[in-house]
Amino acid sequence: MAETCRQEQDSLGTMTLTEKTAYGVHTARALQNFDLSDVRLRAFPELVKALAMVKLAAARSNAELQVLPNGTADTIIEVCEEIIAGKHHEHFLIDMIQGGAGTSTNMNANEVIANIGLQKRGLPFGTYSEIHPNDAVNCSQSTNDVYPTAIRLAAVAMCSDLSRALSSLSGTFAGKAEEFADVEKVGRTQLQDAVPMTLGMEFAAFAATVAEDIERIAQLSLLLHEVNLGGTAVGTGVNAPPGYQARVIEHLSDVSGLQLTSAKNLLEASYDLGAFITFSGVLKRIAVKLSKICNDLRLLSSGPIAGIGEIRLPPMQAGSSIMPGKVNPVIPEAVNQVAYQVVGNDVTITMAAEAGQLQLNAMEPIIVFNLLSSIRLLCRAVTMLDEKCVKGIEADRDRCAELLDKSLVNAAALVPIIGYERAARIAKTALAEGKTLKETALELRELSVAEFDNIQNGTLY
């Protein structure tokens, strides 16, 4: 049996939709126009929920200001509450990359909320004389204040998970630092033997560098608490009733649990996306630092025979289709690649923010796509690194002791006692003759056994 259809009309003409389609003509046109990334709006539930929060806050404000009938507002609020609870997300189908500065996303939200509301009243989809997507759901709003506000809410929501993941990873590194506190090893600069240290020190530094970015996220996310909601199209507040702006931000703060504030200049806030550049910058910082840590883990675990081999990463999968028994550091390698993607996303966000023209920036869709993608990628990568790699790292104590014993890293400790030139002569001779630093120092009669041992024992903090 053929599915029954309905007709919807916009300024461009008429479109045919199935009777069960919960979106409307504007969403349908966008679906025809934008088939780019294969990543749909529903792929980011935090953004869908944020859009519903904005619509809910607007409906409450409009009802209180008597520009929207209470019954209509109540229905909109009920649908929005269900979307915030995770329902109806399957109808949010717009491609994340789209033209129109996010208009298609806003229209998608308006139409779905209106149609689900009509369904609750026992009316067929498309009966917009009862609840209109634009006149009711979008009352006192514009895409230009709804969309950037929702982006901010979504980013802040997703960063809670990222902060928790970073906190867990830092704690795991700190635990390993305690476990490895007594493992003496060679410290290296520029991949050359430098000074003695402990493996515990190395892992404590990893813990510290991860932990400090949790605070950076908290600080910079405050930039996203400033919104332009109520400014409507370009920041003038056109079509919004007096008192709406303060009221809608108060309601949105309540429903989101965030202390939101209004931008000081709504015209400026309509096109300036500097907050996204700054926030993306901290994501790039996290990515770069994580990648450096993973580079170190790969180097320290290299081998198992012909490399450094001071630590052992947990084996996760076979490493070669031709070399039996080979195991690769696949988890750190994957994190490296996530880091490169996040850095690339930051470049895109920067260029898109620069592309604003006059009173609007039409490139917001690519900003939200890359910003939320970076947060999600980092969150998953950090959790993967924590659970599938760092928790299972083991120290090869014998290897650390062997390399330390054969190295010349204690030469630096001789300088305060015998001076740079004499210490350099000992190190150079030891390297040339394949002897230990101690053997050479004794042969050259620069130090006694007791003097050398006292110096060596005092090299670690």
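The values are calculated or read from the model by the stated rules, or taken from the named source; none is laboratory data. Since this is a predicted model, take the numbers as computed values, not measurements. Cβ placement follows ideal geometry from the backbone for every residue including glycine, while neighbour counts extend to all protein chains displayed.
Computed values, structure above
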| quantity | calculated |
| --- | --- |
| Residues located in segment 439-453, provided they are modelled with pLDDT of 80 or more and more than 14 Å from Ala412 (Cβ to Cβ) | Glu439, Thr440, Leu442, Glu443, Leu444, Ser448, Val449, Ala450 |
| Filter pass, Leu290 being in contact (Cβ under 8 Å) with a residue 60 or more places away in the chain, within 21 Å of Arg397 (Cα to Cα) and not in a loop (DSSP other than H, G, I, E, B) | no |
| Selection within segment 341-372 - farther than 25 Å from Val234 by Cα and surrounded by fewer than 20 Cβ atoms within 10 Å (Cβ to Cβ) | Gln341, Val343, Gly344, Val347 |
| Scope segment 166-213; condition in contact with a Ser or Thr (Cβ under 8 Å, 6 or more places away or on another chain), of a type in the set (A, V, I, L, M, F, W, C) and in a strand (DSSP E or B); matching residues | Val186, Val195 |
| Flag for Asp398 being surrounded by fewer than 23 Cβ atoms within 10 Å (Cβ to Cβ) and in contact with a Ser or Thr (Cβ under 7 Å, 6 or more places away or on another chain) | no |
| Of all residues in segment 116-146 being among the hydroxyl-bearing types (Ser, Thr, Tyr) and in contact with a helix residue (DSSP H, G or I) (Cβ under 6 Å, 6 or more places away or on another chain), the one that is surrounded by the fewest Cβ atoms within 10 Å (Cβ to Cβ) | Thr127 |
| Condition check for Ala395: modelled with pLDDT of 95 or more and small (Gly, Ala, Ser) | yes |
| Positions within segment 84-114 being closer than 20 Å to Thr127 by Cβ and outside any loop (DSSP other than H, G, I, E, B), in sequence order | His91, Met107, Asn108, Ala109, Asn110, Glu111, Val112, Ile113, Ala114 |
| Selection within segment 302-342 - within 27 Å of the chain's Cα centre (by Cα) and of a type in the set (Ser, Thr, Tyr) | Tyr340 |
| Single residue of Gly100, Gly71 found to be surrounded by fewer than 23 Cβ atoms within 10 Å (Cβ to Cβ) and free of Cβ contacts under 8 Å to residues at least 40 places away in the same chain | Gly71 |
| Qualifying residue in segment 420-433 (condition: assigned by TED's automatic domain parsing to the domain that holds Val338, of a type in the set (Ser, Thr, Tyr) and either assigned to a helix (DSSP H, G or I) or over 23 Å from Glu178 (Cβ atoms) (or both)) | no |
| In segment 18-54, the residues that are in a strand (DSSP E or B) and at pLDDT below 95 | Thr18 |
| Condition broken by Gly274, with the remaining ones in (1) over 23 Å from Leu371 (Cα atoms); (2) among the small types (Gly, Ala, Ser); (3) touching a residue at least 40 places away in the same chain (Cβ under 8 Å) satisfied | (1) |
| Enumeration of residues in segment 391-406 that are out of contact with any Pro (no Cβ under 9 Å at 6 or more places or on another chain) and among the aliphatic types (A, V, I, L, M) | Ala395, Ala401, Leu403 |
| Count - residues of segment 303-360 that are acidic (Asp, Glu) and free of Cβ contacts under 8 Å to residues at least 24 places away in the same chain | 1 |
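Let's see how each residue does on (1) surrounded by fewer than 17 Cβ atoms within 10 Å (Cβ to Cβ); (2) out of contact with any helix residue (DSSP H, G or I) (no Cβ under 7 Å at 6 or more places or on another chain); (3) of a type in the set (Phe, Trp, Tyr); (4) at pLDDT below 85:
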site	(1), (2), (3), (4)
Lys289	yes, no, no, no
Ile293	no, no, no, no
Ser301	no, yes, no, no
Ile305	yes, yes, no, no
Ile311	no, no, no, no
Pro314	yes, no, no, no
Ala318	yes, yes, no, yes
Ser321	yes, yes, no, yes
Lys326	yes, yes, no, yes
